[in-house]
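Visitor: Before I ask anything, here is the structure I am working with.
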Amino acid sequence: MPASPSTARAINDRLALRLLQREGPLTAGQLKQLTGLSRPTVADLVERLTASGLIEMVGESGAQRRGPNARLYGIVGDRAHLAALDVRLESVSVVVSDLVGRVLAEASVPIDADAGTGPAVEQAVALVERAVKEAGAEAGATGPGETGVRHRESVREWGSLHTVGIGAPGLIDPATGELRNTTGLPAWHRSLVGALQERLPDARVVVENETNLAALAEMRDGAARDRDTFVLLWLDMGIGAAVVLDGALRRGASGGAGELGFLPVPGTRGLPSATDCEGGFHSLAGAAAVLELARKCEVLGVGGAGEATAAQVVRWAVATVTDGDAEAVRPDAPRGAPAPRKVHARAARFLDTLADRLALGVASVVALLDPGCVVLGGEVGQAGGDELAVRVAERIAGMSPLPVEVRPSVLGDTAVLRGALLTAQDGAQDELFG
């Protein structure tokens, strides 16, 4: 039975909006080519979507002959607005954007969890409210406002806040979508979600594991743009993994797919427990373990004298090996200290040992999932770059018969916030456009 005219129009409109979501602004001629619809049908849907306030003319394509086909149409970004949060153990970062992802304001604040759950939550919520307010109230500002929020784009008018995407460490219950109570994470994390929903009653609040969001961002904008099946190995203070199979994020039966920090591996002092990943892969590859390895390899001061982070040490080691500088100064050395000799060998040994450790986790992932691609993410993964990725890939080639590419993250520590914004954007567009 053929579709009714109204149904056909709705299908055509939805198809055009999907294309504009995916491709960005398009001309009527490009819409005709991509949809396969006739010229009159495309002209009709463009007029209809423009009248409804869903799309608008945003410029011209640069064609030599001016006319309807030279006009570029795009989604009306001011129809709704979005917020994305990256919730860390001791900080919160927020970005506010319009419906097409143009960033309007961004800010971050350290969180003092020792002050108690209530004050910590209030501090985080106030940051979000301030960013939302300034993104609309001072549209057109280009410098930092009084509260320190930086404006990136101007807008004609402020729309309603439609969706808030939150990236947080810990497990997300797949049945309820709520952040589960996880040992070792601060209590204010769970309270923050409810507080945001209460203070922003008209907005939809969506929570996702930080590593999963990072993987979505790498698939859309980063190292896995050409892959629909891959695993992101998150290397930071904690260890995690995100699994993407056939373009879909796989969370597992309880939301815990990718809890690689709990993987039992050789080389640790014991075994992990149900509540503590010490003794698991985390003990070999977490930030604290990377710093301890750096001390053993004599690229950091013994006894914690240095102030370098794990990512800084890895970045220094890569630069030392790449530049071949045998007189490089250690990352924690005081200014003016004499340059130690032969640090090139120490840096290479540090990277080789770190690659040995990472290969244990990567080999397990490859044997179980055969993803074909593993992205080394987080601050440490990005800092290691191609130098660390190549070392890990060489070890996997000798450990597994399954082919796998090992790539460094492109987005690094910004991937969580980017993934939260993309998730909010996709959800809002799906709801508004049908």
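Visitor: For a test of the definition: using alpha carbon positions, the gyration tensor, and the 1.5 limit on a/c, classify the range 209-327 as rounded, prolate or oblate.
Guide: Oblate shape, in that a/c is at least 1.5 and b/c is the bigger or equal ratio.
Visitor: In addition: Would you mind calculating the gained length between R102 and S6 on full extension (0.36 nm times residue separation, minus the Cα-Cα distance), in nm to one decimal?
Guide: 31.3 nm
Visitor: On to the next question. How much of the accessible area of the chain, probe 1.4 Å, is carbon plus sulfur, in whole percent?
Guide: 51 percent
Visitor: Over the chain, give the accessible area per residue in Å² for a 1.4 Å probe, as an integer.
Guide: 47 Å²
Visitor: Moving on to the next point. In percent, how large is the relative contact order of the chain, given Cα pairs closer than 8 Å and 6 or more residues apart?
Guide: Taking the mean separation of contacting Cα pairs over the length of the chain, I get 14 percent.
Visitor: Helix 310-323 against the longest principal axis of the chain: what's the angle in degrees, Cα atoms only, rounded to the nearest 10?
Guide: The helix 310-323 is inclined about 80 degrees to the chain.
Visitor: Okay, moving on. How many nm is it between the label spots at T275 and K342, if each spot is 7 Å from the Cα in line with the beta carbon?
Guide: Between T275 and K342, the simple spin-label model gives 4.8 nm.
Visitor: Right, next: At each listed q (0.34 Å⁻¹), what is the log10 of I(q)/I(0) that the Debye formula gives for the range 1-46 modelled as equal alpha-carbon point scatterers?
Guide: -1.34
Visitor: Write down Rg/Rh for the range 395-434, rounded to two decimals, with Rg from the C-alpha atoms and Rh from the Kirkwood relation over Cα pairs. Show your work: numbers first, answer last.
Guide: Values: Rg = 17.4 Å, Rh = 13.3 Å.
Rounded to two decimals, Rg over Rh is 1.31.
Visitor: Sorted by mean Cβ packing within 10 Å, highest first, what order do the peptides 164-175, 395-406 take?
Guide: Descending packing order for the listed peptides: 164-175, 395-406.
Visitor: Separate question: Just one of (i) 59, 50, 40; (ii) 58, 55, 41; (iii) 73, 52, 47 is Cα extents along the principal axes in Å as worked out from the coordinates here. Which one is it?
Guide: The calculated read-out lines up with (iii).
Visitor: Report the GluC sites (Glu not before Pro) located in the range 155-263 that are in a DSSP loop and have at most 11 other Cβ atoms inside 10 Å of their Cβ, or state none. Before the final figure, lay out the partial values.
Guide: Values: sites: E157, E178, E198, E208, E210, E218, E259; in loops: E157, E178, E259.
Here the GluC sites (Glu not before Pro) that fit, given the DSSP loop and packing criteria, are E157.
Visitor: Give me the distance in nm between label points sitting 7 Å out from Cα along the Cα-to-Cβ direction at L89 and D426, one decimal.
Guide: Calculated label separation equals 2.9 nm.
Visitor: Moving on to the next point. Provide the FRET efficiency to the nearest 0.05 for the D173-R39 pair, computing r from the beta carbons and using R0 = 60 Å.
Guide: The formula returns an efficiency of 0.75 here.
Visitor: Where does helix 378-399 land angle-wise versus the long Cα axis of the chain, in degrees 0 to 90, nearest 10?
Guide: It is inclined by approximately 70 degrees.
Visitor: Using the Kirkwood radius built from alpha carbon pairs, what does the Stokes-Einstein equation give as D for the range 72-111 at 4 °C and 1.567 mPa s, in µm² per second? Can you show the working numbers first?
Guide: On the way: Rh = 11.2 Å.
In µm²/s, the coefficient rounds to 116.
Visitor: Can you compute the helix-only [θ] at 222 nm over the chain? Use -39500 (n - 2.57) per DSSP H run of at least 4 residues, normalise by all residues, nearest 500 deg cm²/dmol.
Guide: Per the formula, -13500 deg cm²/dmol.
Visitor: How large is the charge dipole for the chain, taken about the Cα centre, if only the Cβ atoms of Lys, Arg (+1) and Asp, Glu (-1) carry charge, to the nearest 20 debye?
Guide: Result for the chain is approximately 920 debye, rounded to the nearest 20.
Visitor: What angle, in degrees between 0 and 90 and rounded to the nearest 10, separates the Cα long axis of helix 5-23 from the longest principal axis of the Cα atoms of the chain?
Guide: Around 40 degrees separate the two axes.
Visitor: Can you tally the net charge around S254? Count Lys and Arg as +1, Asp and Glu as -1, for every other residue whose Cβ sits under 9 Å from the Cβ of S254.
Guide: +1
Visitor: While we're here: Of the listed peptides 85-95, 267-277, 40-50, what is their order by residue-averaged count of other C-beta atoms within 10 Å, with the highest listed first?
Guide: 85-95, 40-50, 267-277
Visitor: Still on this structure, please answer the following. Farthest toward the dipole's positive end in the chain, which of P403, L388, Q429, given Cβ charges of +1 (Lys, Arg) and -1 (Asp, Glu) about the Cα centre?
Guide: Among P403, L388, Q429, the one farthest towards the positive end of the dipole of the chain is P403.
Visitor: Shifting gears a bit: Treating the beta-carbon of each Lys and Arg as +1 and of each Asp and Glu as -1, no other charges, what is the dipole magnitude of the range 223-307 about its Cα centre, to the nearest 20 debye?
Guide: Roughly 120 debye for the range 223-307.
Visitor: Using 0.36 nm times the number of residues separating D221 and E405, minus their current alpha carbon distance, what extension gain do you get?
Guide: Difference between extended and current length: 64.4 nm.
Visitor: For V109 and A70 in one chain, what is 0.36 nm times their gap in residues minus the Cα-Cα distance, to one decimal in nm?
Guide: Working: separation 39, 0.36 × 39 = 14.04 nm, distance 4.51 nm.
In short, 9.5 nm is gained.
Visitor: Follow-up. Treat the range 350-434 as a sphere of radius equal to its Kirkwood radius over Cα pairs and apply Stokes-Einstein at 25 °C in a medium of 0.890 mPa s; give the translational diffusion coefficient in µm²/s, rounded to a whole number.
Guide: On the way: Rh = 14.2 Å.
After rounding, the answer is 173 µm²/s.
The values are calculated or read from the model by the stated rules, or taken from the named source; none is laboratory data. On a predicted model such as this, the values are computed, not experimentally measured, just so you know. Here the Cβ is made from the backbone with ideal geometry for all residues, glycine too, and neighbour counts use every protein chain on show. Quick note on the areas: whole protein, heavy atoms, side chains included, nothing else; ligands and nucleic acids left out. Shrake-Rupley method; radii C 1.70, N 1.55, O 1.52, S 1.80 Å.
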